[in-house]
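Heads up, the thing below is written out as structure tokens.
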Amino acid sequence: MKDITILTDADVLLYLKELKEIKNHKKLLSAKWVKSLLLAIHKGKKCHKDLKNGLIINGKKISPKVISKLLALCLAEGLIILVDSATSECQGDYQLTAEGKKAVAVIQFENKFAEEHELFMIAKKAKEIV
């Protein structure tokens, strides 16, 4: 069983601060696949080709057309930028902007909160059974 790491008050305060700072992106961040795309860029998938060919979420491959659309939206919103690539294989690498990094921090907090809540509920049900 996974260890439960409890979120601290400092974690929550940082989350609220960053959530407030990215409120202009709320609509885009609620769109399907955007959070997954930003996390993929954060975790190292930066090349346009890699993102278009290999973004699989929950066993579902996201179509290149959808990825291109989402990349364009994220670029327009200022969450990512496209920089020249050092390799000849890529036309460019996507990087998170400061706003994009704040968005990723919020996404990671929400994921951690959801995971902790799920583990808490499992532990609570296990106690009820015993």
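Read-outs: derived from the displayed coordinates by stated rules, not from any lab. Just so it is clear, the structure is predicted and the values come from calculations on it, not from any experiment. Virtual Cβ from ideal backbone geometry, glycine too; neighbours counted across all protein chains shown.
The residues Thr8, Thr97, when put in order of fewest to most other Cβ atoms within 10 Å, stand as Thr8, Thr97. Checking the Cα-Cα distances for Lys23/Lys102; Lys17/Lys43; Lys27/Lys61; Lys17/Lys124; Lys46/Lys101; Lys32/Lys65 against a 20 Å cut-off, the pairs over it are Lys17/Lys43; Lys27/Lys61; Lys17/Lys124. Counted residue by residue at 0.36 nm each, then reduced by the alpha carbon distance between them, the extension gain from Thr97 to Asn58 reaches 11.4 nm. The label-point distance for Phe113 and Ala126, in a model that sets each label 7 Å from Cα toward Cβ, rounds to 2.5 nm.
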